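Asker: Okay, handing you the structure first.
The values are calculated or read from the model by the stated rules, or taken from the named source; none is laboratory data. Predicted, not measured: the structure shown is a model, and the values here were computed from it. When we count neighbours, we look across all protein chains shown, and the Cβ atoms used for this are built from the backbone with ideal geometry, even at glycine.
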Amino acid sequence: MANKVKTRKKISAQGKGLITLAVFLVITVVLGVLSITGMVLPPDGLYKLLPWVPTNAANWPASISLGLDLRGGVYVEYQATRPEDTSDDMYAYLISSTMDVMRNRLTDQGYPEATVTQIDNDGIRVEIPDVTDPNAVLELIGTPALLEFKSPEGETFMTGANVKNAYPTQDTSNTTINNYYAVGFELDAEGTKLFADMTSASIGQQIAIYLDGTQIMAPTVNTAITEGSGIITGSFTQEQAQALAIQIQSGALPLTLTQQKVDTISATLGVDALQTSLTAAAIGILLVMLIMIVRYRLSGVVASWALILYIIILFWFVAMLPGFQLTLPGIAGVILGIGMAVDANVVIFERFGEELALGRQTKAAAKMGFKNAFSAILDANVTTLIAAIVLMVFGTGSVRGFANMLALSVVCSKFTAIVISRVLLSSFINVIPNKPELFSAKALKKEAQ
């Protein structure tokens, strides 16, 4: 019996190029459509992908978090007064506790999207979207939560107004296990007397602590506390002790705050600014794509395609990553990133054209073009990224929003310029290998010589 030899038909380079371009086209279309329409998986809606493209001027979808300058609302800046004889670590803890108390109050009152950030060493900035009355916000922040201390019989004998301070501390009462924490507290003069009388009469019984009607702890009195300070033990971890201290402290802010600035931003102005910025960005992008196609031909088509993918990928990250907000300075960071992505493609295709003008084959010229342009692109992106990181670390408010978007834009533009543009250009060259004039006008100059 004759041996049968089976041969495997190989896909040609042209076929591979067509397949790659088809795959990228499908990916681009699918990502673009999903960004506009969103998606729900499975039918019961367990996983939802919200659209990030605005449906109208007044209804931006929830997948993109808007900053205060676009959404409208109120922001307030405070300066904290540092108590005397307070160490740097304790002062940092008091600042953090004050910010946590503010967040808790705002969340409890129906403002979960409010942001509280630190400014320098002693400043606090509060931003609350969808609020038009600054006085209501100031009253909300300044109104303490209701903290109650109840006797074993369930009667309130002291409130949070008598608590001067609460903080996590090491539990020194447990000599066998040294990694437990306790909650320390200090009372004012009235609270000292009330607590001394109640603990003296309640040894061996529980004193319950309630926050806005909810019991947060019920420690047992081991001894009378007559000096106005003490600790609550309970084998707490450091995180548990800190959380309980913040809850006890929430009856009053840990630090005295002085209002420095308060302002209201109209939502209408924000929407108008957003629409104007997006319109200007869209016109600029279309003009850049047209110029790239006219100047670099098929290479310009590659650059435009990569630019579309850059925009889609960037906004998908903005929609999915926590902590990112779209602000007017952030839009400027996006547009700057678009400029850097285009600039990277310009450098690549200029080097590509120079290699074609030297007489290299199209595929070899593309390889050398990317190789020669890589160092220049890397230097520009690294320096910009360093500047963005510095602004992220030391900036506040809108400056940090700009830095966040700029850093994300640099990373995305680097990926699309170096990876996606290279794959697309190589695929086009595989489909049309012997037509260098379709990729650069410099190839025609070589033929004319």
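Asker: Picking from Ile311, Ile283, which residue would you name as being crowded, with 16+ Cβ neighbours inside 10 Å and either in a strand (DSSP E or B) or aliphatic (A, V, I, L, M) (or both)?
Answerer: Numbers: Ile283 fails: crowded, with 16+ Cβ neighbours inside 10 Å.
Among Ile311, Ile283, only Ile311 is crowded, with 16+ Cβ neighbours inside 10 Å and either in a strand (DSSP E or B) or aliphatic (A, V, I, L, M) (or both).
Asker: On to the next question. Is there a residue in segment 45-64 that is at pLDDT 70 or above and surrounded by 12 or more Cβ atoms within 10 Å (Cβ to Cβ)? It would help to see each step written out before you state the result.
Answerer: So in segment 45-64, the residues at pLDDT 70 or above come out as 64.
Within this subset, residues satisfying the condition of being surrounded by 12 or more Cβ atoms within 10 Å (Cβ to Cβ) are 64.
Taking every residue of segment 45-64 in turn, at least one turns out to be at pLDDT 70 or above and surrounded by 12 or more Cβ atoms within 10 Å (Cβ to Cβ).
Asker: Evaluate the following for Ala344: is it in the same structural domain as Ile312 (by TED's automatic domain parsing) and either outside any helix (DSSP H, G or I) or surrounded by fewer than 23 Cβ atoms within 10 Å (Cβ to Cβ) (or both)? Don't jump to the end; show me each part of the working.
Answerer: Numbers: in the same structural domain as Ile312 (by TED's automatic domain parsing): yes; either outside any helix (DSSP H, G or I) or surrounded by fewer than 23 Cβ atoms within 10 Å (Cβ to Cβ) (or both): no.
When the stated conditions are applied, Ala344 does not pass them.
Asker: May I ask you to list the residues in segment 170-221 that are of a type in the set (Val, Ile, Thr) and modelled with pLDDT of 85 or more?
Answerer: If we filter segment 170-221 for residues that are of a type in the set (Val, Ile, Thr), which is where we start, we get 172, 175-177, 183, 192, 199, 203, 207, 209, 214, 216, 220-221.
Once the filter is applied, which keeps residues that are of a type in the set (Val, Ile, Thr) and modelled with pLDDT of 85 or more, segment 170-221 yields Val183, Thr192, Thr199, Ile203, Ile207, Ile209, Thr220, Val221.
Asker: Report whether or not Ile308 is at negative phi, touching a Gly at 6+ places or on another chain (Cβ under 6 Å) and either at pLDDT 85 or above or hydrophobic (A, V, I, L, M, F, W, C) (or both).
Answerer: Numbers: at negative phi: yes; touching a Gly at 6+ places or on another chain (Cβ under 6 Å): no; either at pLDDT 85 or above or hydrophobic (A, V, I, L, M, F, W, C) (or both): yes.
So Ile308 does not fit the description; no.
Asker: Same structure again: When only residues in segment 386-401 that are assigned to a helix (DSSP H, G or I) and at pLDDT below 85 count, which is surrounded by the fewest Cβ atoms within 10 Å (Cβ to Cβ)? Write out each step before concluding.
Answerer: As a first pass, look at segment 386-401 and keep what is assigned to a helix (DSSP H, G or I): 386-394, 398-401.
Next, only the ones that are at pLDDT below 85 stay: 392-394, 398-401.
Working: Met392: 16, Val393: 9, Phe394: 11, Ser398: 16, Val399: 13, Arg400: 19, Gly401: 26.
Checking each candidate, the answer is Val393.
Asker: Within segment 197-214, which residues are within 27 Å of Val101 (Cα to Cα) and either touching a helix residue (DSSP H, G or I) at 6+ places or on another chain (Cβ under 6 Å) or without any contact (Cβ under 8 Å) to a residue 40 or more places away in the chain (or both)? First the steps, then the outcome.
Answerer: Applying the first criterion (within 27 Å of Val101 (Cα to Cα)) to segment 197-214 yields 206-214.
Leu211, Thr214, listed by residue number.
Asker: Test of understanding: among Val390, Val342, which residue is free of Cβ contacts under 8 Å to residues at least 24 places away in the same chain and out of contact with any strand residue (DSSP E or B) (no Cβ under 6 Å at 6 or more places or on another chain)?
Answerer: Values: Val342 fails: free of Cβ contacts under 8 Å to residues at least 24 places away in the same chain.
Exactly one of Val390, Val342 is free of Cβ contacts under 8 Å to residues at least 24 places away in the same chain and out of contact with any strand residue (DSSP E or B) (no Cβ under 6 Å at 6 or more places or on another chain), namely Val390.
Asker: Now, a different point. On the given criteria, is Thr233 surrounded by 13 or more Cβ atoms within 10 Å (Cβ to Cβ) and part of a loop (DSSP other than H, G, I, E, B)?
Answerer: Working: surrounded by 13 or more Cβ atoms within 10 Å (Cβ to Cβ): yes; part of a loop (DSSP other than H, G, I, E, B): no.
So Thr233 does not fit the description; no.
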